[in-house]
Amino acid sequence: MTTITLEGMEFYAYHGFYDEEAKIGTTFIVDVEVRMSFVKGAASDALEGTVNYETIYFICKKEMKQTSKLLENVAYRIIGRMRAQFGSRIKSMLVRIKKLNPPLGGKVRCAIVEIDTATDSGMGSLF
């Protein structure tokens, strides 16, 4: 099993439960880890045998633009789009979204939501 990770993708977006969050927005950091067999891509040196980093980035960018109350929903949508794009070649993936400076009434660096399809049995309906 091989892993490809895009780490630290930064987006300004308007996700949050409170109305203020949807108006003001904040910075989010997204990490995506894709686990699959890359033997074909490694052996052939062809992009078709692996996952295109640029495609991962654009999937995340598109989903981050769609406002949601819950980061869990955003991560779920990213996983669904990744599965739709790359199909059963992906064995599992992890999506981590960090919301910087969440409005919690005190100093908090970030709030993090992470979904790992290898360990989250609730993701079975996606695949």
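Relative to the longest principal axis of the C-alpha atoms of the chain, give the angle of the C-alpha long axis of helix 71-86, reported between 0 and 90° and rounded to the nearest 10°. For 71-86 against the chain, the angle is about 20 degrees.
Rank-order 11-18, 84-91, 104-111 by packing density, defined as the average count of other C-beta atoms within 10 Å over each peptide's residues, highest first.
11-18, 84-91, 104-111
Between the residues GLN85, ASN73, LEU100, the greatest Cα displacement towards the positive end of the dipole of region 60-103, with unit charges on the Cβ of Lys, Arg, Asp and Glu, is found for GLN85.
Go ahead and estimate [θ] at 222 nm for the chain from helices alone: -39,500 (n - 2.57) per DSSP H run with n ≥ 4, summed, over the residue count, rounded to 500.
-9500 deg cm²/dmol, from helical runs alone.
The convex hull defined by the C-alpha atoms of the chain has an orientation-averaged projected area of 8.0 nm².
Just so you know, all these numbers are worked out from the coordinates, no wet-lab data involved. Predicted model, so just to flag it, every value in this text is computed and none were measured. FYI the Cβ positions are ideal-geometry reconstructions off the backbone, even for glycines, and counts take in every protein chain you see.
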